[in-house]
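Handing you a structure now.
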């Protein structure tokens, strides 16, 4: 599979912030969301204009809490694209390249790059980076799944 095709599919899958948020919800809660108040898995609805889901009892869950996306005003689409680029290049991308490719300020690109590379470095200590890098047969979903789920979305504090 060539890079152009993977990028095309990636952009189709994650063309909106809502699509990225729904994917993140599926990754973080594959069996459904659990309400700590009701003490059961139940249907959560999205709170308008926020990356938050709410149970009918009023309990709210932020999908971005505890992730590298938390407290970031950068759209999820741009974060997902940055993840794609950094993982695709095996971490060999500069903040300046991210700035140009994603369309953010240098400061934002540097912070995104730093956080993502720190996650890759953390994962590299535990397992070979070759298990994270895109291999010929991987799908875009597998790429993002590895970049987001297996790296545990920890907040990188510098």
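If the requirement is being at pLDDT below 85, surrounded by fewer than 18 Cβ atoms within 10 Å (Cβ to Cβ) and at positive phi, which of these qualifies: 103, 58, 66?
None of the other options fit; the residue is 66.
Next question. Select from region 87-100 the residues that are in contact (Cβ under 8 Å) with a residue 40 or more places away in the chain and buried (at least 18 other Cβ atoms within 10 Å of the Cβ) and write down the one among them that is farthest from residue 9 (Cα to Cα).
87
Among (1) over 21 Å from residue 25 (Cβ atoms); (2) part of a loop (DSSP other than H, G, I, E, B); (3) at pLDDT below 90, there is one condition residue 49 misses while meeting the rest; what is its number?
Tallying (1) over 21 Å from residue 25 (Cβ atoms); (2) part of a loop (DSSP other than H, G, I, E, B); (3) at pLDDT below 90, residue 49 fails exactly one: (1).
The values are calculated or read from the model by the stated rules, or taken from the named source; none is laboratory data. Keep in mind the model is a prediction, meaning the values are calculated, not measured. Positions of Cβ are generated from backbone atoms using ideal geometry, with glycine treated the same way; all protein chains shown enter the neighbour counts.
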